[in-house]
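Engineer: Okay, handing you the structure first.
The values are calculated or read from the model by the stated rules, or taken from the named source; none is laboratory data. Remember, predicted model here, so these are calculated numbers, not experimental data. Every residue, glycine among them, receives a Cβ derived from its backbone with ideal geometry; neighbour counts consider all protein chains shown.
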Amino acid sequence: MSIRLKVALPFLLLTVVVSVIGVYVVTRLVTGSLTERLTNQLLEAGRVVSDSFIRQEGYHIGEARRIVFTDGFAEAVINEDRDAVFKIADPLFGTSTVENMVIVSPQGTEILHLLKDGEGKSIRVEQDTGAGQMPFVESYLRNRNPQDPPHRTLGGNLVDEKAYYYTFMPISVDDEFDGVIILGTSINTLLPTFKQIALADIVLYGMNGDVIATTFGSAGMDNLDPLNITADQYQEIIKTSEKLVRGENNVEIAGRPYTIGRAPLQVGNDRIGVFAVALPTEFVLQVSENNRTTYVIIFSILMLAVIVIGYFVSRKIIVPLYSLVRTSQAIAGGDLDQRTGIETGDEIGVLANSFDDMTAKLQKKTHELEDANETLRKMDKTKTNFISISAHELRTPLTLIMGYSQMLEEDLKGDPEMRKLATGILEGAERMTNVVESMLDVSRIDSNALILRKASIQLEPVIRKVQMEFSPAFEERNIHFSAEGLEKLPPVTADPDMMQKVFYHLMMNAIKFTPDGGEVKISGRFVNGAEPPQVEISVCDTGIGIDPGMHDIIFEKFSQTGEVLMHSSGKTKFKGGGPGLGLAITRGIVQAHGGRIRVESPGHDEEKFPGSKFIVSIPVPHRKDSGS
């Protein structure tokens, strides 16, 4: 999908969706469902009021248990020890938000009655208020079942004549019936809090339909007659299964129109009364039915205007982006002379200018790199020529030195001291000859002048020959050498002398970087799953290892691991010296045979000696079927 569609299509779809939703909201949710929205709000307010009473009951039960399970309380109630009960319950009552508490003994005696005054101070009521004869209390006393569930009711207190929300519970310790506890909170305390949560005014009704408490009193309403209902209406509502019974609409209360919904107040299994929630009629914005057409027209015009504006806005974005795309594709193709030509003052213009500036710098750096690469190429060619010429020039004097050294060594058999000096000269000349030969091999590899005299050969004799050459070094350094799988390898088409150089350099490398007492192992296997089939030779050591970042670099000319100046002089000594050409020659010879070489090593560590593994893969020619 093009960017034009990615920008324009979602914008268009979003505009249409928003417009349709806007028309729907205006024509249906605003103008067509005012009654439903108001009813839903009343239902939600009613649910919040019911839940608030349930939470208050939970608080009552928690406070009751806190008092009942205080040490000595149940025993004092059973013994009707009024002073002991008061001494235990009064401090707990004082720290609670409960405003009324009555304790009835198992014998039905009201042994404690506490109230809180307007300042929250505890008052002890001395007279019997008849709590023992209340229906729920009589039921508890009659059943004497400590497992009876709590009950709740709305009722007035004869002492202060206030309406309370009461919770009744049996007193039970050690699964015995020890009396009844009654906790109550004033309705006048609860309703303002519930109003803040429900966001609606609340009315509570008595059994005759009269208002016993309401939050409208805070608005200065004295005449509650508009809120009253009949006793029959009360009975009808308290028995209904509906969540909310709609009352009158536009009831004027304190000079303001309200809509009222009434419902039974149920807490647990008890329906304790009827309550109402009231919302101002203007709580929901009322829009006339005849405004639908007007809103549809307005939204349609706005939708068309947004589409037109979006078209021009998208063009201002898309056209420069297309220019950027075309320019970037041309630059990716190698045309660094291309420029965007965008000159807007916005963010895309800034991006285009930055892109053009980056392209110009890239073009400049590219030219500089091309010039530098050409210079390096010429320098590398000069270096290669120098190495080749130097090596050729050194071969003649080295040949003379070696010849004369051999003659001196032969003539000085009777003089051990002088013969030792002649032998040293001969060994040094041989080592220099090896270096010169390595330089010549590198020169031939770099100039693609390496001549291979291929034949069908077995690699085991080649490797064994190299092993024999290094036998003194293995013995001197106490390095254990082992080989496995070589005798089972199929023949390969290769230059035997060149392959000998490959394993000469790899074996010498393994010896140099393996400490005394280490191990060098050569193993071979035939890989028939590759195409073409391959012979794979691994040269493993238990040496100092190679850092992962050096795995490619070590195959370059003159590359060496570690600190070169710290290397020893002997070529087979631990960390012995050398010109750093062995692995470069090895790679060149292997690649000339169509194979490849790689190294595996977890890292460089001269204490733990993680070791290295060099793996040489040489292709094996396809075998002809015996019947062909």
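Engineer: So, of the residues in segment 446-462 that are exposed (fewer than 15 other Cβ atoms within 10 Å of the Cβ) and at pLDDT below 90, which turns out to be nearest to VAL620 (Cα to Cα)?
Structural biologist: In this case the residue turns out to be LEU452.
So that you can scan it fast, the table gives a plain yes or no per residue for (1) surrounded by 16 or more Cβ atoms within 10 Å (Cβ to Cβ); (2) more than 21 Å from LYS608 (Cα to Cα):
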residue	(1), (2)
ASN478	no, no
LEU486	yes, yes
VAL492	yes, yes
ASP495	yes, yes
PHE503	yes, yes
ARG525	no, yes
VAL539	yes, no
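Engineer: Any residue in segment 328-347 that's touching a residue at least 12 places away in the same chain (Cβ under 8 Å): show its pairings with residues that are surrounded by 15 or more Cβ atoms within 10 Å (Cβ to Cβ) and in a loop (DSSP other than H, G, I, E, B) at Cβ separation under 7 Å, as long as the two are six or more apart or on different chains.
Structural biologist: Cβ pairs passing all conditions: ILE331/GLN338.
Engineer: Here is a further query. When you go through ARG395, ARG419 one by one, which is the residue that is in contact with an Asp or Glu (Cβ under 9 Å, 6 or more places away or on another chain) and at pLDDT below 75?
Structural biologist: From the options ARG395, ARG419, the qualifying one is ARG395.
Engineer: Can you name the number of the only condition in (1) under 22 Å from GLN591 (Cα atoms); (2) touching a Phe, Trp or Tyr at 6+ places or on another chain (Cβ under 8 Å); (3) not charged (D, E, K, R) that VAL442 fails?
Structural biologist: (2)
Engineer: Going residue by residue through segment 194-203, is there one that turns out to be surrounded by fewer than 13 Cβ atoms within 10 Å (Cβ to Cβ), modelled with pLDDT of 80 or more and under 52 Å from the mean Cα position of the chain (by Cα)? Even if it seems obvious, please write down each step before you answer.
Structural biologist: Quick first cut of segment 194-203, residues surrounded by fewer than 13 Cβ atoms within 10 Å (Cβ to Cβ) only: 196.
Cutting the leftovers down to modelled with pLDDT of 80 or more gives us 196.
Now drop any that are not under 52 Å from the mean Cα position of the chain (by Cα), which leaves 196.
So far as segment 194-203 goes, yes, one or more of its residues are surrounded by fewer than 13 Cβ atoms within 10 Å (Cβ to Cβ), modelled with pLDDT of 80 or more and under 52 Å from the mean Cα position of the chain (by Cα).
Engineer: Working carefully through the options GLU138, GLU110, GLU99, find the one that is assigned by TED's automatic domain parsing to the domain that holds GLY184 and surrounded by fewer than 19 Cβ atoms within 10 Å (Cβ to Cβ).
Structural biologist: Details: GLU110 fails: surrounded by fewer than 19 Cβ atoms within 10 Å (Cβ to Cβ); GLU99 fails: surrounded by fewer than 19 Cβ atoms within 10 Å (Cβ to Cβ).
Unique residue meeting the criteria: GLU138.
Engineer: On the given criteria, is THR366 of a type in the set (Val, Ile, Thr) and in contact with a Leu (Cβ under 8 Å, 6 or more places away or on another chain)?
Structural biologist: Yes.
Engineer: When you check THR129 against the structure, is it of a type in the set (S, T, N, Q), under 21 Å from SER172 (Cβ atoms) and surrounded by 14 or more Cβ atoms within 10 Å (Cβ to Cβ), yes or no?
Structural biologist: It is false that THR129 is of a type in the set (S, T, N, Q), under 21 Å from SER172 (Cβ atoms) and surrounded by 14 or more Cβ atoms within 10 Å (Cβ to Cβ).
Engineer: Here is a list: MET439, MET468. Which entry is crowded, with 18+ Cβ neighbours inside 10 Å and not in a loop (DSSP other than H, G, I, E, B)?
Structural biologist: Step by step, each of MET439, MET468 is checked, and only MET439 is crowded, with 18+ Cβ neighbours inside 10 Å and not in a loop (DSSP other than H, G, I, E, B).
Engineer: Quick one: is PRO226 under 16 Å from LEU279 (Cα atoms), at pLDDT below 85 and assigned to a helix (DSSP H, G or I)?
Structural biologist: When the stated conditions are applied, PRO226 passes them.
Engineer: Which number in (1) touching a helix residue (DSSP H, G or I) at 6+ places or on another chain (Cβ under 8 Å); (2) under 13 Å from GLY611 (Cα atoms) marks the one condition that PRO548 misses?
Structural biologist: (1)
Engineer: Another question about this same structure. Do you know which residues across segment 173-193 are surrounded by fewer than 24 Cβ atoms within 10 Å (Cβ to Cβ), farther than 21 Å from GLY273 by Cα and of a type in the set (A, V, I, L, M)?
Structural biologist: Scanning segment 173-193 gives a single hit, VAL173.
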